[in-house]
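Colleague: Structure incoming, see below.
The values are calculated or read from the model by the stated rules, or taken from the named source; none is laboratory data. Keep in mind that what you see is a predicted model, and the values were worked out from it rather than measured. Ideal geometry is used to build each Cβ from the backbone, glycine not excepted, and the neighbour counts take in all protein chains shown.
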Amino acid sequence: MKICGIELKASDAILVVLETEGEDFHHINLKTKKVSLGDGDINADVLSFKETIETFVLDNQIEKIFIKKRGKIGRFAGGANTFKMEGLIQILAVNYVMLISPQTISAMQKKNNIELPDSLKLYQHDAYLTAITGMQ
């Protein structure tokens, strides 16, 4: 089964795909590492983001998506574009989309000794940890 961990940051959906076999998993180093939303106020840009991410999910046969949850209020609240991207991802043709809190990800990381693959870019680390947490 293929799963996708996503971190939403500014106008980017940062992606990491893992292939799982039982308890084992490995990172699939794909060319597409993030999908950007242009101007969230322009309908064509929003539709383009949805089509691009949907094509990515379908082409890579993603069965489950795990998204790092952002704060709704306060200092670390997500911006309007991240909420739009989250909503668009949740309505994709995937049977399972789950939001995972940063606290849950942090607790899983402390409990387990997670080694990050060398194939990851630095900006993909949180998306990777989100995917791993979702598998637990």
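So that you can scan it fast, the table gives a plain yes or no per residue for (1) out of contact with any Leu (no Cβ under 9 Å at 6 or more places or on another chain); (2) surrounded by fewer than 16 Cβ atoms within 10 Å (Cβ to Cβ); (3) free of Cβ contacts under 8 Å to residues at least 40 places away in the same chain; (4) part of a helix (DSSP H, G or I):
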{"site": "T32", "(1), (2), (3), (4)": "no, yes, yes, no"}
{"site": "V35", "(1), (2), (3), (4)": "no, no, yes, no"}
{"site": "S48", "(1), (2), (3), (4)": "no, yes, yes, yes"}
{"site": "T55", "(1), (2), (3), (4)": "yes, yes, yes, yes"}
{"site": "K64", "(1), (2), (3), (4)": "yes, no, no, no"}
{"site": "N81", "(1), (2), (3), (4)": "no, no, no, yes"}
{"site": "I105", "(1), (2), (3), (4)": "no, no, yes, yes"}
{"site": "S119", "(1), (2), (3), (4)": "yes, yes, no, no"}
{"site": "T133", "(1), (2), (3), (4)": "yes, no, no, yes"}
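Colleague: Which of the following residues is over 17 Å from the mean Cα position of the chain (by Cα) and at negative phi: N112, N81, N60?
Modeller: N112 is the lone residue from the list that is over 17 Å from the mean Cα position of the chain (by Cα) and at negative phi.
Colleague: Going through the range 83-102 one residue at a time, which ones are in a strand (DSSP E or B) and of a type in the set (A, V, I, L, M, F, W, C)? Walk me through it before giving the result.
Modeller: The initial filter retains those residues of the range 83-102 that are in a strand (DSSP E or B), namely 96-100.
Listed by number, the residues that qualify are V97, M98, L99, I100.
Colleague: Is one or more of the residues making up the range 73-80 modelled with pLDDT of 95 or more and basic (K, R)?
Modeller: No: the range 73-80 contains no residue that is modelled with pLDDT of 95 or more and basic (K, R).
Colleague: Confirm whether G40 is of a type in the set (G, A, S) and within 16 Å of C4 (Cα to Cα). Outline the logic, then answer.
Modeller: On the way: of a type in the set (G, A, S): yes; within 16 Å of C4 (Cα to Cα): no.
When the stated conditions are applied, G40 does not pass them.
Colleague: Considering only the range 66-79, state which residues are part of a strand (DSSP E or B) and either more than 19 Å from K121 (Cα to Cα) or touching an Asp or Glu at 6+ places or on another chain (Cβ under 8 Å) (or both).
Modeller: The first filter runs over the range 66-79 and keeps only residues part of a strand (DSSP E or B), leaving 66-68, 71, 77.
If the condition is that a residue be part of a strand (DSSP E or B) and either more than 19 Å from K121 (Cα to Cα) or touching an Asp or Glu at 6+ places or on another chain (Cβ under 8 Å) (or both), then I67, K68, G71, A77 are the ones that fit.
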